[in-house]
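Take a look at the structure set out below.
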Amino acid sequence: MILKLSWATAILIFGLSAQATQIFSNTGTTSGWDSINHEHKGTVVQVTNVVDQGSTALKMTQTYDSSYSGRYHSEVVKNNVYKRGDTGFYGFAFRLQENWQFSPAQSYNIAQFIADFSDTGCDDYMPSSMVWLVGNQLYSRVKQGTICAQKTQTFSNLATVSAGVWHKIVIQASWKTDGTGYYKMWLDGNKVLEQDDINTTIEDDRAFQFRVGLYANGWHDDGGMKGTQGTRQIWYDEIAAGTTFADADPDQW
Ligand SMILES: *[C@@H]1O[C@H](CO)[C@@H](O)[C@H](O)[C@H]1NC(C)=O
């Protein structure tokens, strides 16, 4: 049953037979990334005691500091996962710490596509699509328009997530600005989002990165932490991206 295949196995079976122009998978190791971004007291550590598949996972931690005004990324970074016109699959498994505090709700980003637009004078690193939690609700978005006139289309309350268990996210996207793109997302094999015939990125041809990790964006964007859980941990495993997976139907995953 295809549903039971791990993402890495699916890549082995389907990915190599397709005309994949870019493909990678990571089994929860700190090696193999283009960069690792951990700001302030944040950490990114390879562990063996909490894993989804195989023998390793990545543990991302962020720690709130009321005297710090910067951002709170703890992410691994893979360069060049999409450009406008591409179609791709992107997946990862994540696990929130068992006592993750969902309430009061605040935004915690868990994955994003991003590129450096400093040369435009309108922005610096701009995320296009992001995947985040508000309370126990899963959110995502696409970015449209131009770097100097950005529009955000947000997809709210896509699904409910739980703490202390592994979840699997898969995104399939056709990155277009002519109104013919699509953006789909699965949580644990259930399709939670399908948007067809939309713009899914901004009018620009540069390569975007795929980053997974804990980015406690609410702490910065809201001007402080809500609630009392100033140390947050998320584990990641089975992180992958590919362009085409032959005739594999992700609805069956
Ligand atoms: C897509 O973007 C283009 C260029 O910005 C715009 O002209 C068009 O109206 C958009 N189409 C949709 C369906 O949003």
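Read-outs: derived from the displayed coordinates by stated rules, not from any lab. Computed from a prediction, not measured in an experiment: that's the story for all the values here. Cβ sites come from the backbone with ideal geometry, for glycine too, and all protein chains shown count toward neighbours.
Assorted remarks:
- Bridgeable aspartates and glutamates around Lys168 (alpha carbons under 20 Å apart, same-chain partners fewer than 8 residues away excluded): Asp52, Glu75, Glu98, Asp188, Glu194, Asp237, Glu238, Asp249, Asp251.
- Rounded to 0.05, the FRET efficiency of the Ser67 and Val165 pair, given R0 = 22 Å and the Cβ-Cβ distance, is 0.05.
- Basic side chains Lys and Arg get +1 at the Cβ, acidic Asp and Glu get -1 at the Cβ, and with that the dipole of the chain about its Cα centre reaches some 460 debye.
- Among Met60, Met185, the ranking by other beta carbons within 10 Å of each residue's beta carbon, starting with the fewest, stands as Met185, Met60.
- Rounded to the nearest 20 debye, the dipole magnitude of region 46-130 is 220 debye, with +1 charges on Lys and Arg beta carbons, -1 on Asp and Glu beta carbons, and the Cα centre as origin.
- Dipole of the chain [Lys/Arg +1, Asp/Glu -1 at C-beta], most positive-end residue of Gln101, Phe117, Val131: Gln101
- HN-Hα J in Hz across region 87-95 - Karplus 6.51, -1.76, 1.60, θ = phi - 60°, x for Gly and Pro: 10, x, 10, 9, x, 6, 9, 9, 9
- Sorting Glu75, Glu39 from the fewest to the most surrounding beta carbons within 10 angstrom yields Glu39, Glu75.
- Compared with the alpha-carbon gap, the fully stretched path from Glu39 to Asp178 is longer by 46.4 nm at 0.36 nm per residue.
- Under a Gaussian network description of the chain, with springs only between Cα atoms under 10 Å, the residue in Val81, Val212, Val192 that fluctuates furthest is Val192.
- Look at Tyr72, Tyr215, Tyr182, Tyr108 and count the other Cβ atoms within 10 Å of each Cβ; fewest to most, that gives Tyr182, Tyr108, Tyr72, Tyr215.
- Residues listed by number, region 187-204, amide nitrogen under 16 Å from Gln53 label point at 7 Å toward C-beta: 187-190
- Rel. contact order, % - alpha carbon contacts under 8 angstrom, at least six apart, region 2-243: 31
- Local electrostatic count, Thr152, Cβ distance below 12 Å [Lys/Arg +1, Asp/Glu -1]: +3
- Spacing of the two label points (7 Å from each Cα toward its C-beta) at Asp222 and Asn79, in nm: 3.6
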